[in-house]
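The values are calculated or read from the model by the stated rules, or taken from the named source; none is laboratory data. What you see is a predicted model, and the numbers here were worked out from it, not measured in a lab. Methodologically, a virtual Cβ is constructed for each residue, glycine included, from the backbone with ideal geometry; neighbour enumeration extends over all protein chains shown.
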Amino acid sequence: MKINKKLGGILLLNLIFLVSCSDYLDINDDPNNVTSENIVPELILSGAQKRIFDTQAVTPNQLGQLFMNNWGLNVQSFSTGFVQEFTLNIDNTFYAGIWDSYYLRTANFHNLSINEQPVYTNFRAIGLILKSFYMQDIVDLYGDAPYFGAFQGGANLFPAYDDAKEIYRDLYANLDLAIELIDSAPTEALNPGANDAIMAGNMANWKKFANTIKLRLLVRESLATDGESITFVNSKFNELNASGAEFISSDVVINPGYTADTDRQSPFYDIFYNTDGTEKQGYQSRRGTKFAIDFLSGSSTGVSDARLGEIYDVAADGTYSGVIQGETSATAPSSISPVGTGLIQSASQDGYIMSLAEAKFLQAEAVEYGFLTSGSASALFTEAVVSSFEGLGLTAADATSYLAVANTSSTDGIGWNSTNKREAIMTQKWIALNGINAHQSWIDYTRTGFPEIPLSIVAEKTHKPYRLMYPNSELVGNSSNVPEQSQADVFTERIFWNQ
């Protein structure tokens, strides 16, 4: 089923409502065929979850892989590729699919979130949680955005841009409301069950996920220096502490029935392989970088990391060999390491909405800097690293052996004994998110400056951008509201929590 794109800007497509159809977890995205009777939450929830994750697993993830120097181009087989990512010549077409797809698909969760029928209370809560999850990405990547007037279909085709901080506040409030709805759900409220491709209807786990998204909102804003942010962050952390809020205790994954069938492969796996197991161009073109491989092998740090062999594979010559971003075939190794089997597992592999490692690192940061009062920062840091190892198919013992060296190394920024604990957290999070929502590492990099990631050798700027440019779909379809923005602005104007 194809998306109707006759309307100019992507926000014009906020007319979207959902209809179950015969295609694999497909939904009706035709803005010219909108009727409220078509919205049947128990029939469309998994399709809505699946369709937005198709973007999350690929587009922002690749952006993070390239900006955080995890991937380079296989210059021995391809003469060009990733030019904008390496040169940092960012414009209104650069990764526009993040904005366009997220707005298109988040409208589905908004529609769930405003369904006040008691029987759909749990569906409404899930809609609120996922709307908050994906809109945080929009704010963290772009700043101010249409929000309060968005998702209203024909009632508001040209929504105004709202202040990023005010959006953050409402996202937090929506998460509070979602938890309240789950706690007070009436007896007639349906459990989503198998229609929920993420939690299988486990509403207690949805509450934990909502609290974890709250935590990420607060941790991101915790470095802001304005009085309003300081007051808000401290107040909300006090509430989390007083309530004994629980956070996710396992990876938040999605699997609506991924298989090797056409159009049903897990989306990250689908970058690299066809349904018959043959390599795609995505596998052949993406290669590990010298920076990341040297880091994990220990050649640049003195600390060898077993995750190297899962995140990357050996090159054709049997060694781990990386490419420098922007170099040519004349200077690059004759064979370069591809992405490893710890990340590319199978056509049916789960997709990561949020990893447990990310959640544990968030908690470690919050405890270390006095915001959360429950738990040990060092223990949470250790648990995060262990979870990262296990997610790649390694063992807790492997992680323990690694940390025994990393925690006593004289090299700062890797183990818990590092002088700068935030640098250690961000460095380990960078490793843990390699291939798994890597854009979160870039967002944290713009916030903290850690880990120290080199620019491509062909970069035309002195540092990485702080945000992305508003896409052409907005310049065309919402021109009266989209803020004026130059290419230079994304290298000088920071997101509100980074000022």
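Annotation note: of 100, 91, the sole residue that is touching a residue at least 24 places away in the same chain (Cβ under 8 Å), charged (D, E, K, R) and over 26 Å from residue 269 (Cα atoms) is 91. Name the single residue, out of those in the stretch 182-195 being within 26 Å of the chain's Cα centre (by Cα) and among the hydrophobic types (A, V, I, L, M, F, W, C), that is surrounded by the most Cβ atoms within 10 Å (Cβ to Cβ). This residue is 182. Hey, any hits in the stretch 296-307 for a residue that's part of a helix (DSSP H, G or I), surrounded by fewer than 23 Cβ atoms within 10 Å (Cβ to Cβ) and not charged (D, E, K, R)? Looking for residues that are part of a helix (DSSP H, G or I), surrounded by fewer than 23 Cβ atoms within 10 Å (Cβ to Cβ) and not charged (D, E, K, R), one finds at least one in the stretch 296-307, hence yes. Summed over the stretch 318-340, the residues that are among the β-branched types (Val, Ile, Thr) and either at positive phi or free of Cβ contacts under 8 Å to residues at least 40 places away in the same chain (or both) give a count of 2.
Could you please find all residues in the stretch 413-440 being closer than 15 Å to residue 364 by Cβ and hydroxyl-bearing (Ser, Thr, Tyr)? Result: 418, 427. Annotation note: of 457, 436, 453, the sole residue that is touching an Asp or Glu at 6+ places or on another chain (Cβ under 7 Å) and either more than 27 Å from residue 251 (Cβ to Cβ) or assigned to a loop (DSSP other than H, G, I, E, B) (or both) is 457.
All of (1) in a helix (DSSP H, G or I); (2) surrounded by fewer than 22 Cβ atoms within 10 Å (Cβ to Cβ) hold for residue 218 with one exception: (2). Annotation: of all residues in the stretch 347-397 being charged (D, E, K, R) and crowded, with 18+ Cβ neighbours inside 10 Å, the one that is farthest from the chain's Cα centre (by Cα) is 368. When 388, 348 are checked against the criterion of being under 22 Å from residue 297 (Cβ atoms) and modelled with pLDDT of 95 or more, 388 stands alone in meeting it.
For every residue, the table says whether it meets (1) within 25 Å of residue 86 (Cβ to Cβ); (2) within 25 Å of the chain's Cα centre (by Cα); (3) of a type in the set (A, V, I, L, M, F, W, C).
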{"site": "239", "(1), (2), (3)": "no, no, no"}
{"site": "247", "(1), (2), (3)": "no, yes, yes"}
{"site": "265", "(1), (2), (3)": "no, yes, no"}
{"site": "274", "(1), (2), (3)": "no, yes, no"}
{"site": "289", "(1), (2), (3)": "yes, yes, no"}
{"site": "306", "(1), (2), (3)": "no, yes, yes"}
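With respect to the numbered conditions (1) more than 23 Å from residue 452 (Cα to Cα); (2) crowded, with 16+ Cβ neighbours inside 10 Å; (3) among the aliphatic types (A, V, I, L, M); (4) in contact with a Phe, Trp or Tyr (Cβ under 9 Å, 6 or more places away or on another chain), which one is the sole condition not fulfilled by residue 314? With (1) more than 23 Å from residue 452 (Cα to Cα); (2) crowded, with 16+ Cβ neighbours inside 10 Å; (3) among the aliphatic types (A, V, I, L, M); (4) in contact with a Phe, Trp or Tyr (Cβ under 9 Å, 6 or more places away or on another chain) applied to residue 314, the lone miss is (2). Restricting 407, 498, 437 to those that are on the phi > 0 side of the Ramachandran plot, in contact with a Phe, Trp or Tyr (Cβ under 7 Å, 6 or more places away or on another chain) and either of a type outside the set (Gly, Ala, Ser) or modelled with pLDDT under 95 (or both) reduces the list to 437.
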